[in-house]
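Input: a single structure, listed below in structure tokens.
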Amino acid sequence: MYKSIVISEKDNVATALEDLPSTEPITVKIGARTKDIQLVEPIKFGHKFAIQNIEQGEYIYKYGEIIGRASQAIKIGDYVHVHNLEGNRGRGDK
Amino acid sequence: MEIRNNQFLGYRRHDGKVGVRNHILILPTITCATKVAKQITELVHGTVSFVHQHGCAQVGVDYEQTFRTYVGLGLNPNVYGVVVLGLGCETHQARNVAKEIAATGKRVEVVSIQDEGGTLDAIATGAKLAAKLVQEASEVQREWCDLSELIIGTECGGSDACSGLSANPAVGYVSDKIVQLGGTSILAETTELIGAEHLLANRAKNDKVAKRVYEVVNAMEQRSIMMGVDIRTGNPSPGNIKGGLSSLEEKSLGAANKAGTSTLNEIIDYAEHPTEKGLVWMDTPGHDIEQLTGMVAGGAQIVLFTTGRGTPTGSPIAPVIKITTNTGVYERMSENMDLNGGTIIEGNETIEQVGENIMNEIVKVASGKLTKAEILMQHDFGIWRIGPTF
């Protein structure tokens, strides 16, 4: 079983604890329950994927806390990183 | 190595503080003197020094912060004696720095390149004075001391997504233990607490400390906003991003795990010595070497440094224990790494088990075991400048 972690039940992303292939669904543990996620593309060790659909502008949660907003619509199983996640803090550009 | 419960073999100094090393520090208070300082270390065994770009044409709070950093390095109990080395004409006068250090009873000498009549004579004078100090220092014996006498600095550098999952929580476990034993743990890198500051404010000892949390975080965030850029162009770094960190907030939430669960007792300025024991927060930038220098100048005798991407960084006067967040980097950069926290990611060890490994290493390092950064002479040094040079 491929290893990933969902740190808090509030999280809408999981972090890969090894390189994950997209050839078969990944089973993630969210608290006591499990959920099977079909990845859209392979996810590298340490990188994140969505475990729920996230609308553009919606908060992204990890550690049970806000880590940014979706800068575009994100589907379950999507790779989540700097291309579709925007931080809110230290935004001197805004 | 003899192990006694919650004790280590350290050097007791005149002011009562305890050192884990017995260095003679050649302290150049101006960039113009760093070459001579280095040359003295090449002549005299047992001396350490560092290169930097500061000490002149600085004003106001920026001047004071640099001055405080020099004095703090000299006062660190890992240092037996200091040869303060100046050029003669600089803003940060060597004799003023020397006076502050000497006031505590520490052995201090001062050399001025211009007074000596040139670099070669300054090297000769400095080396003769250093040699005397080295021999004096070699007669001091280690004695049994309590872990509560330690100030442990904590740091993460070259972080990746594993930092917040493995090595940082393990350091948090150690931080809590040190606090429980009566010691001091320094959390720093204010930049890398932006997004997680509420977690620390909620644990502040009182309203005054909680208020200060938001003040220092706001001040750091304002600096990036003043620059008119997204802070993400500088922090997280390209390596952090490659390692899976997507935003500063995500990095900060992982970084905050170094602080464990203890009450936050105070917030101190860069290079300031804590006035409280327990968990304290030093206001520093996320820059690895500037932060490291600030904590050591503030009195930290040992620093726990977690890394995901792999960094060799060390200090001239304090042992830095390097703890990896993943097994890959521990194996690839083994000559620079001391402990592996990647076993947590693999499920082979728990956070608590790795935490206990780190505690055991602290006791050994405090009693004399050398870290990889010391063996490879990583004498890194950098001051957080808060004003321009004029």
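The values are calculated or read from the model by the stated rules, or taken from the named source; none is laboratory data. Quantities reported herein were computed from a predicted structural model and do not represent experimental measurements. Here Cβ is always computed from backbone atoms with ideal geometry, including for glycine, and neighbour counts include all displayed protein chains. Heads up: the accessible areas ignore ligands, DNA and RNA and are worked out on the full protein's heavy atoms, side chains in. Shrake-Rupley method; radii C 1.70, N 1.55, O 1.52, S 1.80 Å.
Considering (1) surrounded by fewer than 23 Cβ atoms within 10 Å (Cβ to Cβ); (2) in contact with a Cys (Cβ under 9 Å, 6 or more places away or on another chain); (3) within 14 Å of another protein chain (Cβ to nearest Cβ), the lone condition that residue B:308 does not fulfil carries the number (1). Please indicate, with yes or no, whether at least one residue in region B:317-325 is touching a Phe, Trp or Tyr at 6+ places or on another chain (Cβ under 9 Å), of a type outside the set (Val, Ile, Thr) and open to solvent by 10 Å² or more (accessible area, probe 1.4 Å). So far as region B:317-325 goes, no, none of its residues is touching a Phe, Trp or Tyr at 6+ places or on another chain (Cβ under 9 Å), of a type outside the set (Val, Ile, Thr) and open to solvent by 10 Å² or more (accessible area, probe 1.4 Å). Inside region B:256-270, residues that are more than 9 Å from chain A (Cβ to nearest Cβ) and closer than 23 Å to residue A:18 by Cβ make up a count of 0. Applying the set (1) crowded, with 20+ Cβ neighbours inside 10 Å; (2) under 30 Å from residue B:299 (Cβ atoms); (3) in contact (Cβ under 8 Å) with a residue 60 or more places away in the chain to residue B:224 leaves exactly one unmet item: (3). Considering B:94, B:161, B:127, B:167, the condition of being touching a His at 6+ places or on another chain (Cβ under 9 Å), open to solvent by less than 20 Å² (accessible area, probe 1.4 Å) and in contact (Cβ under 8 Å) with a residue 24 or more places away in the chain is satisfied by B:161 alone. Evaluation of residue B:132 against the conditions (1) out of contact with any Cys (no Cβ under 8 Å at 6 or more places or on another chain); (2) under 23 Å from residue B:53 (Cβ atoms); (3) among the charged types (D, E, K, R) shows that the sole unmet condition is (2).
Against the list (1) touching a helix residue (DSSP H, G or I) at 6+ places or on another chain (Cβ under 8 Å); (2) hydrophobic (A, V, I, L, M, F, W, C); (3) more than 14 Å from chain A (Cβ to nearest Cβ); (4) open to solvent by 10 Å² or more (accessible area, probe 1.4 Å), the condition residue B:282 fails is (4). Listed by position, the helices (runs of 4 or more DSSP H) contained in region B:303-390 that have at least 1 residues being over 19 Å from the mean Cα position of the chain (by Cα) and closer than 19 Å to residue B:147 by Cα are B:351-366. For region B:130-151, name all the residues that are under 18 Å from residue B:42 (Cα atoms), of a type in the set (Gly, Ala, Ser) and open to solvent by 30 Å² or more (accessible area, probe 1.4 Å). Correct list: B:131 only.
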